[in-house]
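Taken together, the values in this text are just the output of simple stated rules run on the coordinates, not laboratory data. Just so we're clear, the structure is a prediction, and the values are computed from it rather than from any experiment. Reconstructed Cβ throughout: ideal geometry from the backbone, glycine too, with neighbour counts over all protein chains shown.
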Amino acid sequence: MAFGSQTLSLLLISMLCHSTTFAVILRTTENSVWVNEFESIELTCLIESISTNNPRIEWKKIKNSVPSYVYFQNKISGDLEHRAILREPANLYILNASRSDSAQYRCEVAAFDDQKPFDEILISLAVRVKPVVPRCNVPEAVTVGSTIELHCIENEGFPQSQYQWFHNNDELPEDPKTSIKFYNSSYIMNTETGSLKFRSVKKEDAGEYHCHAKNDAGTSKCSPQTMEVYDLDILGIFLKVLGGVAAFIFVTVGLCQLQKNGYCSCRDHRETNYKVPQHDNRLDYASPDEGHFRHKSSFVI
């Protein structure tokens, strides 16, 4: 009886080992990876269990839900044909990564002699792109108390860039009330859109402004631009308005004087002066006693 129990145990162990040995099992060191543009990255597809010496290995790239072959029939294909190699056991090594390489990659291994003949793993790759030099828009001259907005934008970086403004090389805090130096400033900074809006410009806001665009891949900045702030010239505005009124009065008086002296005619030359036509003595008019109609000598029937 003891012999029978020992034999049954050995049989169960043998069956368990048999099922474990004849199964394709894959794993990866990381399911979500990133790399900076123009650098290299290795997508790991580790075969933990397999019995077939020559399994079928395939890699597919899935972008916008559309799969395409990367490694098929023992060779690299597609847009990675000259930029990737297959490393043992089934790792995909991408050289000189491009922003177009951002996608999901699926490693598939098949061993048809195994009891579990197929397994796959999915790896997400994000290629980070350094921002390009942002386009900065800073007004050259503004008046005290006016509302203005500075702009900073770039569209190439991935992930999306965050923006930071500088005034005379001093970093502007997102909230000016947190800084003694910028406490009296009235700006609102949006780090997502690159907007720097002044609700009421002050003299101390004058100076050089530049912006940084940054993400996980790096930072770029635009050249400094100078903004001048002038006091509101009340006297100058009053004199301009007064000059305009004086010019209007002068022109009006001059036109009235010309009209008074007869140099300006109010008559509409488009009117037609109709006159009563005079009778031509050469025409032969019918006398009343000849009826309503009379044929002239020149009328031919």
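Could you sort 116-126, 216-226 so that the peptide with the highest average Cβ count within 10 Å comes first and the rest follow in order?
Values: 116-126: 16.8, 216-226: 15.3.
Put in order of decreasing packing, that is 116-126, 216-226.
Between residue 29 and residue 135, take the C-beta separation as r, use R0 = 45 Å, and let me know the FRET efficiency to the nearest 0.05.
Approximately 0.65, to the nearest 0.05.
Hey, what did segment 22-128 get for relative contact order, percent, Cα under 8 Å, at least 6 apart? Provide the component values of the computation, followed by the final result.
Working: 262 pairs, mean separation 41.3, N = 107.
It comes to 39 percent, rounded to a whole number.
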